[in-house]
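Worksheet: the structure to be examined is printed underneath.
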Amino acid sequence: MAMAAHEIEMLIRVAIPDAVVEITDLAGDGDHYAARVVSESFAGMPRIKQHQAVYAALGGRMGGALHALQLTTSASA
Amino acid sequence: MSNETMTRIAQIVSTNDVTLFMKGTALFPQCGFSSKAVAILDHLGVAYETVDVLQDPEVRQGIKAFSDWPTIPQLYVKGEFIGGSDIMMEMYEAGELAELMEEKDVARG
């Protein structure tokens, strides 16, 4: 049920086109990732909304196919 | 989610100043993210209640719909959803979580 890093990145970039996405495979097992997502569209959004936008991009896979994603979001690098 | 579960969750988060929905207990967290969340609350020195979702499948599913948030742990302060462990860590490091606890006049642990 694991997901590939490029798959995660693609889903995020489809939903948030200007996003700069950095994915790290934390455990090397294709199941525990860290993602850093930077997008100007996050400007002025509370953190919860920024994270929800990323979770929405992943379309329900979070907590399912994607077990663990440590997420950091920001409006500017 | 059943209305009953929704009502139960609403009651839990309004009864306690600080509630952490987590996997396992504060003494024996069953997941690294939950463990991190507990450590942050301990560092802040606030009083908090935990709900072990592994013991309660309805709450485990229900809480995700309640907050529109797909993962656990989840932190609530005075009934308001604050975020998961990543947001807790960001806010903690920025000093914002301590500020929030102060602003909301949360009891010390």
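From the residues in region B:55-84 that are hydroxyl-bearing (Ser, Thr, Tyr) and under 19 Å from B:Asp17 (Cβ atoms), which one is farthest from the chain's Cα centre (by Cα)? That would be B:Ser67.
Of all residues in region A:51-77, how many are free of Cβ contacts under 8 Å to residues at least 24 places away in the same chain and of a type outside the set (Phe, Trp, Tyr)? Reasoning before the result, please.
In the first step, residues of region A:51-77 are kept if they are free of Cβ contacts under 8 Å to residues at least 24 places away in the same chain; the result is A:51-52, A:55, A:60, A:62-63.
When the remaining residues are screened for being of a type outside the set (Phe, Trp, Tyr), the result is A:51-52, A:60, A:62-63.
The number of residues fulfilling the criteria is 5.
Residues in region B:38-59: is at least one of a type in the set (Gly, Ala, Ser), part of a helix (DSSP H, G or I) and either crowded, with 21+ Cβ neighbours inside 10 Å or at pLDDT below 95 (or both)? Walk me through how you get there before you give the answer.
Kept after step one, since they are of a type in the set (Gly, Ala, Ser), are these residues of region B:38-59: B:39, B:45, B:47.
Still in the list and also part of a helix (DSSP H, G or I): B:39.
In the following step, the residues that additionally are either crowded, with 21+ Cβ neighbours inside 10 Å or at pLDDT below 95 (or both) were identified as none.
No: region B:38-59 contains no residue that is of a type in the set (Gly, Ala, Ser), part of a helix (DSSP H, G or I) and either crowded, with 21+ Cβ neighbours inside 10 Å or at pLDDT below 95 (or both).
Output the residue which, of all residues in region B:55-109 that are among the β-branched types (Val, Ile, Thr) and under 15 Å from B:Thr7 (Cα atoms), is nearest to the other protein chains (Cβ to nearest Cβ). Can you show your working first?
Taking region B:55-109 as the starting set, the residues that turn out to be among the β-branched types (Val, Ile, Thr) are B:59, B:63, B:71-72, B:77, B:82, B:87, B:106.
Those left that are additionally under 15 Å from B:Thr7 (Cα atoms): B:59, B:63.
Details: B:Val59: 15, B:Ile63: 11 Å.
Result: B:Ile63.
Go through region A:39-77 and give me each residue that's facing chain B (nearest Cβ under 10 Å) and β-branched (Val, Ile, Thr). Result: A:Ile48, A:Thr72, A:Thr73.
Among the candidates B:Pro73, B:Pro29, single out the residue that is in contact with a strand residue (DSSP E or B) (Cβ under 7 Å, 6 or more places away or on another chain), at pLDDT 95 or above and over 19 Å from A:Thr72 (Cβ atoms). B:Pro29 is the lone residue from the list that is in contact with a strand residue (DSSP E or B) (Cβ under 7 Å, 6 or more places away or on another chain), at pLDDT 95 or above and over 19 Å from A:Thr72 (Cβ atoms). State all residues of region A:26-38 that are in contact (Cβ under 8 Å) with a residue 24 or more places away in the chain, away from chain B (no Cβ under 11 Å) and surrounded by fewer than 17 Cβ atoms within 10 Å (Cβ to Cβ); if no residue qualifies, say none. Result: A:Asp29, A:Gly30, A:Asp31.
The values are calculated or read from the model by the stated rules, or taken from the named source; none is laboratory data. Predicted model only: the values in this text are computed from it and were never measured. Backbone-built Cβ (ideal geometry, glycine too); neighbour counts: all protein chains shown.
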